[in-house]
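The values are calculated or read from the model by the stated rules, or taken from the named source; none is laboratory data. No experiment lies behind these values; they were computed from the predicted model shown. Don't worry about glycine lacking a Cβ; one is built from the backbone with ideal geometry, like all the others, and counts go over all protein chains shown. Keep in mind that these areas ignore ligands, DNA and RNA; they rest on the heavy atoms of the full protein, side chains included. Shrake-Rupley method; radii C 1.70, N 1.55, O 1.52, S 1.80 Å.
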Amino acid sequence: MAEATAYEEQRRRQVEANKRKLEELQLHHLSAAVREAAAAAKPSPVKKRKARVPLDAADAVMEPLRRSGRVANLPDKPVYREEVPAFARKIRRTYGRKDLANRVYATDEARSYTISKAEDLVQELDSRFPIFIKPMTQSHVTGGFWLGLPNDFCRKHLPKRDETITLVDEDDDESDTLYLAMKKGLSAGWRGFAIQHKLVDGDCLVFQLIERTKFKVYIIRASSYYESED
């Protein structure tokens, strides 16, 4: 009991001694001053509210964002679709799609016959005009409807850029097609010509360039082979 009382007395004296030292150093005053200075330097944060845009502002014309001169003239969104020239849009027409299940497949004999007849016709035509022969295949008259032309003929006689080329049949009816100079073939308009003239696999066409962008077209039909046999 006496030992416990002595310990408590010693502890009390030590606590009082520590208090006197703290008062001499004035640490509690210094700590309070630091807290006050920090509070004065940093104001309490205030949550900023976004200004609400009135509904009528949606109809207002917004001023475009300023951009660097390097990208100022570029479109806001990339454009990936192929642009069709204005003159090509004029020659697009609507024709019924052929039933691919009813394709006509020419025999080798019929194909050889039409080519031979086309060569005979070339001998009769005016040689002053450039001429080439084009046998028809399925890709020309069904499905893709793309007509590639002879490379040498295109380089020598046809325009160096895309242009409208007119096809004139044996009844002098005209059809406009789009000539693609880089691909050296007829695109838009050729499908309509092929369907309108009921072209099938094995037919053979003679193209005679009668003007800079106009062909006279002669058609030798594969069906004539079977008629000749009869």
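Quick notes on this one:
- FRET efficiency estimate (nearest 0.05) - Cβ-Cβ, K214 to D120, R0 22 angstrom: 0.40
- Using 0.36 nm per residue and subtracting the Cα-Cα separation, the extra length available between E36 and E24 on full extension is 2.2 nm.
- Put simply, the amide H of V104, placed in the peptide plane, has neighbours under 5 Å in D201, leaving out anything fewer than 5 places away on its chain.
- The solvent-accessible area of H140, taken with every protein chain present and a 1.4 Å probe, is close to 20 Å².
- Dividing the C-alpha radius of gyration of the range 129-225 by 2.2 N^0.38 Å, with N its residue count, gives 0.99.
- Once backbone amide H atoms are built at 1.01 Å from N, L149 has G185, L186 as its partners under 5 Å, excluding neighbours fewer than 5 places away on the same chain.
- In order along the range 159-165, phi translates into HN-Hα couplings of x, 8, 9, 4, 8, 7, 10 Hz, rounded to whole numbers, per the Karplus curve 6.51 cos²θ - 1.76 cosθ + 1.60 with θ = phi - 60° and x for Gly and Pro.
- Restricting attention to the range 129-225, the count of lysine pairs at 8 or more positions apart or across chains with alpha carbons under 22 Å apart stands at 21.
- Loop-located trypsin sites (Lys or Arg not before Pro) in the range 118-212 whose Cβ has at most 13 other Cβ within 10 Å (DSSP): R128, K160, R161, K183, K198, R212
- Here the simple spin-label model places points 7 Å from the Cα toward Cβ, and for E170 and A17 these points are separated by 13.2 nm.
- Normalised per residue, the accessible area of the range 144-186 is 54 Å², obtained with a 1.4 Å probe and no contribution from ligands, DNA or RNA.
- One decimal place: the segment Q138-M182 gains 13.6 nm when fully extended, by the rule 0.36 nm per residue minus the C-alpha distance.
- Using the Cβ-Cβ distance between F129 and E227 with R0 = 22 Å, the FRET efficiency computed as 1/(1 + (r/R0)^6) comes to roughly 0.15.
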